[in-house]
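The values are calculated or read from the model by the stated rules, or taken from the named source; none is laboratory data. Since we're looking at a predicted model, the values are computed, not measured. Don't worry about glycine lacking a Cβ; one is built from the backbone with ideal geometry, like all the others, and counts go over all protein chains shown. The area values use the complete protein model at the heavy-atom level, side chains included, leaving out ligands, DNA and RNA. Shrake-Rupley method; radii C 1.70, N 1.55, O 1.52, S 1.80 Å.
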Amino acid sequence: MRVAERYFDELDASPLDLYLGSHVFFLGDIRVELEGVPLLQNRTTMELLLPVKSRLLIEYFAKRAAEDGQTGILLRPKSLGAKRYAFSQKFEFKYSQIDHEFIPGLTRPWDEGFLTPVFFNIAVLNKYSQDPKYRLDLFSETYGTILAQEWTISFGINRGKNVIMWLGDIASLPDEEQYFLRSENVQSDHDLHSEFYEAQIDVQPSPPSKQHELLHQRKALNDLFNKKFGEGLFVLEGEVASVIANLTRPIFWEEKHVSPAIESLNRVFVESINSGFLKRAAKEAGSSKDLKSAGGLKTLQTWIEVALGQTDHAEIMLPFFVLYDFRVFCSHLLSADRRNEMIQSINARLGFQEGHRDFEAVYDRLIEALLDSIHRISIVIEGNPRE
């Protein structure tokens, strides 16, 4: 069997998952039977690999068996996972020795147990996202930081939607925070894969979230507008800056949690459109449309059509209209029939099935669509001779 020194298979870069089942293989002439010995399994090929510690354990007993003239060994650890470390002992956090000692990259001989992952219900973040005493910064999809006046702690979110923190980091928090965290502590699911792990253990820079990228591209487009036309596409920058500073991707996906983020995105990408400039520019470009009472979205679409000469103006603007409708859906009192009609329309325009109700998927696809439209507008402006 191959030995895994990283949490990813070096042959195909697939994530490796902890495997605690049964397995039989030969080490030289010794038949090795394992039951509950931690292995790592390639998520794509399902091949089993040996963590370094398991390999050392097996080699030790296989050598003894060979010296004693035996042809095989059976390893079945009885209490593996029960070990406790010298951090936050009085709080009795649930965690697993197996994670710390067999997931690659976590053991430190000078600080045993510090990098033990402790798992929590995702609801643990509710306190930190709602209480103004804290700031919760989710700067990538599965990696974030909680900031209080006197302390900071990083966390990850795995694919099972459990929150992960290091035991050693938790031990540095005030007692009242540790008591709170203990109340949301859950048993380990042995899955540490996240941008949190990659950044803190593999030292891989965590890519910014698509939402952060979208806000960055908005600024770049606004700067390009100023350079080309002497005015920005978006106005009220001081007010919008405060909205952007507090805009984070939702962690919970019930409508009441999604609504504030959609409301903020609408303010940033719809309400701040520089309608006055666009109406004048569209008229100067020869538009015959009466835009006097038109809103920002219709005005921007007309400007893209007339001033930039884009026949696909409706396609470019579609995500902005979806954003506006999503905001109405989330924030307005509507009849059940009207709500159903609106969500069906949102789904259809984003490519989902009619009955789709996964707000996380809708949100992420909307962000992607807005990014694409911002990119297309930028490309056309950079290559457009009319200034």
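Brief remarks on what is shown
- Stretching the chain fully between Glu254 and Leu80 yields a gain of 58.8 nm (0.36 nm per residue, less the alpha carbon separation).
- Accessible area of Ser287 in the full protein assembly, 1.4 Å probe (Å², nearest 10): 20 Å²
- Where only alpha carbons of the range 264-360 are counted, the Rg and the Dmax (Å): 15.3, 45
- About the centre of its Cα atoms, the range 246-387 shows a dipole size close to 520 debye [charges on the beta carbon of Lys, Arg (+1) and Asp, Glu (-1) only; nearest 20 debye].
- Straightening the chain between Phe61 and Ala361 buys 103.0 nm, computed as 0.36 nm per residue apart minus the Cα-Cα spacing.
- Extreme residue, positive dipole direction of the chain, given options Leu20, His257, Thr152 (C-beta unit charges): His257
- Alpha-carbon Debye profile of the range 50-137, log10 I(q)/I(0) at 0.15 Å⁻¹: -0.78
- Under 15 Å, Cβ to Cβ, from Arg6 - net charge with Lys/Arg +1 and Asp/Glu -1: -4
- Rounded to the nearest 20, the size of the Cβ-charge dipole of the chain about its Cα centre is 700 debye, with Lys and Arg at +1 and Asp and Glu at -1.
- Since only Phe225, Asn274, Met46 are under comparison, the one whose Cα sits farthest along the positive direction of the charge dipole of the chain, derived from C-beta charges on Lys, Arg, Asp and Glu, is Asn274.
- Cα radius of gyration and Dmax for the range 1-150 (Å): 19.5, 68
- Counted as membrane-span-like here are DSSP H helices of the chain whose alpha-carbon atoms extend 20 Å or more along the helix's own axis and whose Kyte-Doolittle mean is 0.5 or above; these are 313-331, 359-383.
- Looking at the range 29-131, the GluC sites (Glu not before Pro) that sit in a DSSP loop and have at most 13 other Cβ atoms within 10 Å of their own Cβ are Glu92.
- Candidate values (1) 30, 28, 19; (2) 28, 24, 24; (3) 53, 24, 19 were compared with semi-axes √(5λ) of the Cα gyration tensor in Å computed on the shown model; the agreeing label is (3).
- Where only DSSP H runs of four or more residues are counted, the chain gives -13500 deg cm²/dmol as its mean residue ellipticity at 222 nm, each run worth -39500 (n - 2.57).
- With all protein chains in place and a 1.4 Å probe, the accessible surface of the chain carries 50 percent carbon and sulfur.
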